[in-house]
Amino acid sequence: MRLKIAEVPGDGIGPEVVNQAKKAVDAVCARFGHEVEYRFAKAGACAIDEYGSAYPEETHKICMESDAVLYGAVGDPRYDNDPTAKVRPEQGLLAMRKQLGLYANLRPVETFPSLVHKSPLKEELVDGADFLCIRELTGGMYFGEKGRLDGGDTAYDTNIYHRFEIERILKLAFEYAMRRRKHLTVVDKANVLESSRLWRQVAQEMEPQYPEVRTDYMYVDNASMQLIRCPKFFDVIVTENTFGDILTDEASVISGSMGLLASASIGEHTGVFEPIHGSYPQAAGKNIANPLATILSAAMMFEYAFGLMEEGRAIREAVAASIEAKYVTEDLAGEGVPARSTSEVGDWVADYIRNA
Ligand code: IPM
Ligand code: MN
């Protein structure tokens, strides 16, 4: 197969971790006989510097013309403490999601046996936890009408959802539940929010179409507690944009390091594959960041964008092997486990894929 990949590393550690993912992609392509073509494009602060826009037209064009987007991270401390900044790197990510119609963000949370001791939760609570968070990504407060009134002293963001947006994400969630352990948890705040009541109404209407799926409903405040109290309860979680943003950060540390969590954003046009961590500016250029989340995002890219399951598995196996072999970056290192650099881990994983 010929794979056209848009390479959008973004800011901070983005370029370093994306480079390691490319090594894994190249190794898989060599082993399974695929041809790969990368097209580089900018987004985030680096794009603002060059084009004055965080998601320039050129970048959008390249993404649209590709079969998948391999994305790093956006964000730059230059913008963080300036609420008056006119353009912000994060707008690049939001514009990309909207323009590519990426309404579903899939964030799987799995645990690696040799890492459960790294989790902030008790080992017996975490060991074996395995769930998929599905976050709606192009609606809700992020994109609803927002603004200022009273000369700036009143501000509002509108949490708006249309039935079609809820239906398409729930359909996906039911389908994923069918392929997994057939348990779906719909997370909302239906005791307070009208938009949540519509979510719950639509979900209840759809339930009879999936009689094998056990569907339950949980308020988001309770869900945030249950996630750390008994993560093994969950199989598939589906929720709206803002709740999903918060819950997936919480969920991400369960496995022991945020540096391990991959994500896929899929929808109407080209899918985007990215680690869930941010641009980690303190580590940029130091060759210390954990590349595994981005490498695992590349595995998701093979599975979700190209339907190449074996190739995806080959990457996953190599990542698992590097963790078993304790060949890891400083976030996972510790007593008796030396810290390897970003590129050393990337090389190890690529070699493993090539020689397995
Ligand atoms: C994420 C990030 C983004 C979000 C930011 C960078 C806009 O936190 O992908 O979860 O809030 O969606
Ligand atoms: Mn987030």
HN-Hα couplings for the stretch 91-107 via Karplus (6.51, -1.76, 1.60; θ = phi - 60°), in whole Hz with x for Gly/Pro, come out as 4, x, 5, 5, 5, 4, 4, 5, 5, 8, x, 7, 7, 10, 10, 9, 10
Answer in debye to the nearest 20: the dipole magnitude of the stretch 217-356 about its Cα centre, from +1 Lys/Arg and -1 Asp/Glu charges placed on Cβ, is 260
XL table Lys61/Lys189; Lys61/Lys118; Lys23/Lys286; Cα-Cα > 30 Å flagged, in table order, is Lys61/Lys189; Lys61/Lys118
Gyration tensor on Cα atoms of the stretch 160-239, a ≥ b ≥ c root eigenvalues, a/c under 1.5 rounded, else prolate if a/b beats b/c, else oblate, says oblate
Reduced to Cα centres, the span from the stretch 70-99 to the stretch 202-223 in Å works out to 34
HN-Hα couplings for the stretch 193-208 via Karplus (6.51, -1.76, 1.60; θ = phi - 60°), in whole Hz with x for Gly/Pro, come out as 9, 5, 4, 5, 5, 5, 4, 5, 4, 5, 4, 5, 5, 7, 3, x
For Val36 and Gln201, extending 7 Å from Cα along the Cα-Cβ vector and measuring point to point gives, in nm, a value of 4.7
Mean-square fluctuation maximum in Gaussian network of the chain, Cα pairs under 10 Å, restricted to Tyr280, Tyr156, Tyr55, hits Tyr156
Under 5 Å from the placed amide H of Arg39, counting only residues 5+ away or on other chains, we find Ile5, Ala6, Glu7
Output for the stretch 35-116: trypsin sites (Lys or Arg not before Pro) sitting in coil per DSSP, at most 10 other Cβ within 10 Å, listed by number, reads Lys86
Highest mean packing first, using Cβ neighbours within 10 angstrom, the peptides 258-268, 172-182 sort as 258-268, 172-182
Per the rule of 0.36 nm per residue minus the C-alpha distance, extending Ala333 to Ile246 adds in nm 28.6 nm
Protection proxy (average C-beta count within 10 Å per residue), highest first, orders 227-239, 286-298, 159-171 as 286-298, 227-239, 159-171
Measuring from its Cα centre, the chain shows a charge dipole (+1 at each Lys and Arg Cβ, -1 at each Asp and Glu Cβ) which, in debye to the nearest 20, is 460
The farthest towards the positive end of the charge dipole of the chain, of the residues Ala68, Ser343, Thr185, given +1 on Cβ of Lys and Arg and -1 on Cβ of Asp and Glu, is Thr185
Once Lys and Arg are counted +1 and Asp and Glu -1 for all other residues with Cβ under 10 Å from that of Ala289, the total becomes -2
Cβ-Cβ cut-off under 11 Å around Tyr79, Lys and Arg +1, Asp and Glu -1: the net charge is -2
Bridge orientation stat for the chain from DSSP, antiparallel percent rounded to 5, came to 40
Ordering 244-256, 115-127 by per-residue average of other C-beta atoms within 10 angstrom, highest first, gives 244-256, 115-127
Calc'd 3J(HN,Hα), the stretch 301-308, phi into Karplus 6.51 cos²θ - 1.76 cosθ + 1.60 (θ = phi - 60°), Hz, glycine/Pro = x, comes to 4, 4, 6, 8, 8, 10, x, 9
At the level of C-alpha centres, the distance separating the stretch 233-312 and the stretch 26-54, in angstrom, is 17
Taking Lys and Arg as +1 and Asp and Glu as -1, residues besides Glu212 with C-beta under 14 Å from its C-beta add up to +2
Here, His183 and Asn355, labelled 7 Å along Cα→Cβ, have an inter-label distance in nm of 4.1
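Values quoted throughout were computed directly from the atomic coordinates according to the rules given, and no laboratory measurement underlies them. Here the structure is a predicted model, which means the values were calculated and not measured. For neighbour counting, all protein chains shown are included, and Cβ atoms are generated from backbone atoms with ideal geometry for every residue, glycine included.
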